[in-house]
Amino acid sequence: MKNKLALLAISALFMNCSHETRTIENPDFFVCNTDNDYGQLKVTRVDFTDTATVLTFHFSSSEPYYNIGIKPEAVLVGENGKEYHTKFFKEKNFGEYFGTTPEGMDLTIGFEPMPINTHIFDFMEDYNENFKIAGIHDSAYQVQPPKYSKKELAELDEYRKNFFRSGKAVLKGSLEGYTRNDGYETMTFYYDDLFTGKQTPIMVEVDETGHFEKEFTLDHPKALWGRIQASQWSVSKYTYLEPGDTLTMDMLANGQYRFKLSDKRPFKLERVQNCALLDLNMYSYKEFMKDRQNLTYDEFVDKMSALLEKEKEYVNYLATKNKFTAFEYQYALYKMTLDGSIGWFLDYRMEMRMEEENKFYSTLASNTIKYDDYQSSMDEISKKITTEKSNEFFRNIPENDCFWMNCASIWPIFNRYKYDHVFTNGIDLRRSETENDSIKASNDTALFKNNEISLLGKICILQDFKSNITHLINGDKYFKEQKDSVTTMATDYLKHMKGLLNNDFLYSKAEQTYNDLTEEKSPLYELPDCKGKEILQRITANYPGKYVYIDFWSTGCGPCVAGIKSCIKNRPELMENKHDKFVLVFITDDPEQYYNQFHDEYLSKSESYRLSHDDYASLADMFKFSAIPHHEMVTPEGLIVRKTPYMEGIDPKNPLPQK
């Protein structure tokens, strides 16, 4: 009996001393923000024990001044969303900043124990913009796509049917913990107008308590990308609105959001907007530039095809873990792939085209270009970048699905496709707009293998309608004897658009553009009462009795800097305030160190203002511009010139544009 008891005691002691463990060497992951131009922080080992989950990192850097630190608030997030907090940092202290060498160092951080059989998890320093590594897992682990009911999928179809509709929407809310000491009084949201291809800034004022409210006019459901710019930092925000919505959006101090619609409906993107990991990029500009140098075009297409599949797998992971609805899943999938592999693919083609065009121009013996030679060269470029493999990748673009058009910052997709040779091949500027549009439509249907031009192609043509119709309508300035003919051509072009668009809502936008351009308007207009007007008046009050020509610019804008230098070279007399009727004024919101250096070298004798970001945003909101350089001209009476002349073409003795 004693022997049996002794054996049981020994067995129990052995069991107590036998701890179950599991190790993953060199784990895989989906995406991180711990690898940048300055250094890399990589997980090299994961040890699961019953007392701790231990991550071994390798930190390397070629920059001696690049320091990092790990916050004590860092967590691991398991498959069910449970957080596991830090227990120890073997080599350093939490919150301590330290550097390393190119060879690097190993770092060991312990967290509360996760289940031994954990398949996949995330490392998150916080929910803001600090270190994150998403989807750390064994390379053999496979993520399964989520499944949705027929009812949810039917609701998506109904959403698509009623996508294009106009209406007002109100966004209001609060910034938790906000004070004026944070260094900003406005937020700026950017609205991508599908039908003009323009990005319009919309300034939202924040009151002293951190509350804000703004009304928007929408033509369809839309995610609006925004930015808060303080004096020393900036942070991106975005939200989603539908025509008719009144949405309350509270931005919490931990980086998450709280949403409430006035009619009690559930907010459609709540889980997506609170998923900080969805904003991580699986491919970087640094990697893109490296691939441009080292990969052939077909090799790059292969890499983007592989990236596309990985993006889909990552979204499957996020959707399952965060319990995305079918709507959120579709949004996240389009956001990830259009911002990612598809966007990079289109950028690569644009870079190739520009490179080939530069080669063509560099071989010219003189500045004289024969159009036929140019056209022949463009045809050769088209052949180089048009292969069946690339055409197959193009078909990953959801060309007829309006759903992806609710994503934030989608204008690059339209911009790249609109000028891509796969869409424009064969057009001739000596042909009419209707002929060239028909060529684009034919290219589009051939690419996507459809019976008619895609929704993507229709909107690209609609975006160019304004500039095309403007050229036709303004033709009477040059061909006054053919005015009736020009007017007929313009109206015929509008009729052509109706048949090509084959969509009542899209055609209504073309018709609205046509009517706006043909309506007789005063050459001058008055600004509405707003904060931007007050700021402008404070500036123009310094120049009584003068026309004030304003150049909005930045040191980081190549065309802006080139324009200023060109004006100094070609029209130096404009750069100084020595004219009775005219003054040229430069306005920017650049950081002080960049502004001062440029100002001292180029603008020391000019009238120049560096505004706070809030004041600059108020002017951009009032004049509805986001791209620079941008120019406006104010009369001595405070009116705005509707058609601002070219900066170097100004006559300071008679600044008002001539009819």
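Summary of values
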| read-out | value |
| --- | --- |
| Residues being under 22 Å from THR217 (Cβ atoms) and either in contact with a helix residue (DSSP H, G or I) (Cβ under 6 Å, 6 or more places away or on another chain) or open to solvent by 50 Å² or more (accessible area, probe 1.4 Å) (or both) - total across segment 243-259 | 2 |
| Total residues in segment 70-104, condition touching a residue at least 12 places away in the same chain (Cβ under 8 Å), farther than 30 Å from ALA319 by Cα and either open to solvent by 30 Å² or more (accessible area, probe 1.4 Å) or assigned to a loop (DSSP other than H, G, I, E, B) (or both) | 14 |
| Scope segment 394-412; condition in contact with a strand residue (DSSP E or B) (Cβ under 7 Å, 6 or more places away or on another chain) and part of a loop (DSSP other than H, G, I, E, B); matching residues | CYS407, ALA408, SER409, ILE410 |
| Residue count for segment 342-371, restricted to those that are over 19 Å from GLU399 (Cβ atoms) and either among the basic types (Lys, Arg) or modelled with pLDDT under 75 (or both) | 14 |
| Single residue of segment 367-417 satisfying the filter (in contact with a Ser or Thr (Cβ under 7 Å, 6 or more places away or on another chain) and crowded, with 17+ Cβ neighbours inside 10 Å) that is farthest from ASP428 (Cα to Cα) | PHE393 |
| Tally of residues being under 25 Å from the mean Cα position of the chain (by Cα) and open to solvent by less than 50 Å² (accessible area, probe 1.4 Å) across segment 445-466 | 12 |
| Boolean, LYS624 is touching a residue at least 60 places away in the same chain (Cβ under 8 Å), within 30 Å of VAL206 (Cβ to Cβ), touching a strand residue (DSSP E or B) at 6+ places or on another chain (Cβ under 7 Å) and of a type in the set (Lys, Arg) | yes |
| Residues being part of a helix (DSSP H, G or I), under 17 Å from PRO645 (Cβ atoms) and either among the hydroxyl-bearing types (Ser, Thr, Tyr) or open to solvent by 60 Å² or more (accessible area, probe 1.4 Å) (or both) - total across segment 563-598 | 3 |
| Segment 445-463, residues that are closer than 13 Å to LEU501 by Cα and either part of a helix (DSSP H, G or I) or of a type outside the set (A, V, I, L, M) (or both) | GLU452, SER454, LEU455, LEU456, GLY457, LYS458, ILE459, CYS460, ILE461, LEU462, GLN463 |
| Which listed residue, of PHE195, PHE164, is hydrophobic (A, V, I, L, M, F, W, C), touching a helix residue (DSSP H, G or I) at 6+ places or on another chain (Cβ under 6 Å) and open to solvent by 20 Å² or more (accessible area, probe 1.4 Å) | PHE164 |
| Residue within segment 430-441 that is of a type in the set (A, V, I, L, M, F, W, C), assigned to a helix (DSSP H, G or I) and surrounded by fewer than 18 Cβ atoms within 10 Å (Cβ to Cβ) present | yes |
| Any pair with Cβ under 7 angstrom, 6 or more apart, that starts in segment 444-459 at a residue that is under 19 Å from TRP411 (Cα atoms) and modelled with pLDDT of 95 or more and ends at one that is acidic (Asp, Glu) and not in a helix (DSSP H, G or I) | SER454/GLU399; LEU455/GLU399; LEU456/GLU399 |
| The one condition in (1) hydroxyl-bearing (Ser, Thr, Tyr); (2) in contact with a Gly (Cβ under 9 Å, 6 or more places away or on another chain); (3) open to solvent by less than 10 Å² (accessible area, probe 1.4 Å) that TYR283 fails to fulfil | (3) |
| Members of segment 415-430 that are touching a residue at least 24 places away in the same chain (Cβ under 8 Å) and closer than 23 Å to LEU338 by Cα | ASN415, ARG416, TYR417, LYS418, TYR419, ASP420, HIS421, VAL422, PHE423 |
| Pick from segment 615-659, criterion in a loop (DSSP other than H, G, I, E, B), in contact with a helix residue (DSSP H, G or I) (Cβ under 7 Å, 6 or more places away or on another chain) and modelled with pLDDT under 90, ranking: nearest to CYS560 (Cα to Cα) | SER626 |
| Matching residues, segment 202-222, being part of a loop (DSSP other than H, G, I, E, B) and either of a type outside the set (Ser, Thr, Tyr) or modelled with pLDDT under 90 (or both) | VAL206, ASP207, GLU208, GLY210, ASP219, HIS220, PRO221 |
| Whichever residue in segment 105-129 is over 23 Å from PHE48 (Cβ atoms) and touching a residue at least 60 places away in the same chain (Cβ under 8 Å) and, among such residues, is most open to solvent (accessible area, probe 1.4 Å) | GLU129 |
| Residue in segment 315-325 that is under 30 Å from GLU73 (Cα atoms), outside any helix (DSSP H, G or I), modelled with pLDDT of 95 or more and of a type in the set (A, V, I, L, M, F, W, C) present | yes |
| Segment 39-57, residues that are in contact with a Leu (Cβ under 9 Å, 6 or more places away or on another chain) and either part of a loop (DSSP other than H, G, I, E, B) or open to solvent by 50 Å² or more (accessible area, probe 1.4 Å) (or both) | ARG45 |
| Selection count, segment 546-561, where residues are part of a loop (DSSP other than H, G, I, E, B) and open to solvent by 50 Å² or more (accessible area, probe 1.4 Å) | 1 |
| Close pairs from segment 155-177: first under 13 Å from PRO243 (Cβ atoms), partner open to solvent by 20 Å² or more (accessible area, probe 1.4 Å) and among the aromatic types (Phe, Trp, Tyr), Cβ under 7 Å, at least 6 apart | PHE164/PHE505 |
| Matching residues, segment 629-659, being within 21 Å of the chain's Cα centre (by Cα) and either free of Cβ contacts under 8 Å to residues at least 60 places away in the same chain or open to solvent by 50 Å² or more (accessible area, probe 1.4 Å) (or both) | PRO629 |
| Among residues of segment 599-614, those that are free of Cβ contacts under 8 Å to residues at least 40 places away in the same chain, in a helix (DSSP H, G or I) and within 17 Å of ASP551 (Cα to Cα), counted | 3 |
| Scan of segment 512-541 for residues that are surrounded by fewer than 15 Cβ atoms within 10 Å (Cβ to Cβ) and part of a helix (DSSP H, G or I), ordered by number | GLN512, ASN515, ASP516, THR518, GLU534, GLN537, ARG538 |
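For every residue, the table says whether it meets (1) within 24 Å of the chain's Cα centre (by Cα); (2) of a type in the set (D, E, K, R); (3) assigned to a loop (DSSP other than H, G, I, E, B); (4) modelled with pLDDT under 90.
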{"position": "ASN128", "(1), (2), (3), (4)": "yes, no, yes, yes"}
{"position": "ILE133", "(1), (2), (3), (4)": "yes, no, no, no"}
{"position": "LYS147", "(1), (2), (3), (4)": "no, yes, yes, no"}
{"position": "LYS151", "(1), (2), (3), (4)": "no, yes, no, no"}
{"position": "LEU156", "(1), (2), (3), (4)": "no, no, no, no"}
{"position": "ARG160", "(1), (2), (3), (4)": "yes, yes, no, no"}
{"position": "PHE164", "(1), (2), (3), (4)": "yes, no, yes, no"}
{"position": "TYR184", "(1), (2), (3), (4)": "yes, no, yes, yes"}
{"position": "THR200", "(1), (2), (3), (4)": "yes, no, no, yes"}
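The values are calculated or read from the model by the stated rules, or taken from the named source; none is laboratory data. Quick caveat: nothing in here was measured; it's all calculated off a predicted structure. When we count neighbours, we look across all protein chains shown, and the Cβ atoms used for this are built from the backbone with ideal geometry, even at glycine. Side chains are part of the model used for accessible areas, which takes the heavy atoms of the whole protein and leaves out ligands, DNA and RNA. Shrake-Rupley method; radii C 1.70, N 1.55, O 1.52, S 1.80 Å.
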